[in-house]
Amino acid sequence: MRVGRKELHKSKDGQASLEGWLRREVAPAYDAHKADPVKALSLTEAWARFEPRMDKIDRQLVDKKAED
């Protein structure tokens with residue numbers, strides 16, 4: 001996962017993907033939490049949702065790199 005994140009920072013496509021994800025998912029989640037912190041997920045629940053998304057991004061980067 002760490003390698004995938006490093007690759008995101010190296011390419012313009014990766015940076016755009018990361019920025020899009022931050023805007024579409026992270027910022028709204030942060031705003032929702034600030035509005036009603038009682039609805040927050042536990043760290044375990046949050047990680048269970050986060051990890052598959054990052055794995056998907058990592059796979060996409062690997063696939064893209066294999067195509068090049």
³J(HN,Hα) computed for each position of region 56-61 - Karplus, 6.51 cos²θ - 1.76 cosθ + 1.60, integer Hz, glycine/proline x: 4, 4, 4, 4, 4, 5
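Quick one: net charge of A46's neighbours, Cβ under 14 Å, K/R +1, D/E -1?
Local charge sum for A46: 0.
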Counting Lys +1, Arg +1, Asp -1, Glu -1, what net charge surrounds R23 among other residues with beta carbon under 15 Å of its beta carbon? -1
In whole Hz and in residue order, list the ³J(HN,Hα) couplings for region 19-24 that follow from phi through the Karplus curve 6.51 cos²θ - 1.76 cosθ + 1.60, θ = phi - 60°; x for Gly and Pro. 5, x, 4, 4, 6, 6
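Read-outs throughout are calculated quantities, based only on the coordinates presented, and are distinct from any laboratory measurement. Small disclaimer: the values here were computed from a predicted structure and weren't measured. With ideal geometry, Cβ positions are generated from the backbone for all residues, glycine too; neighbour counts draw on all protein chains shown.
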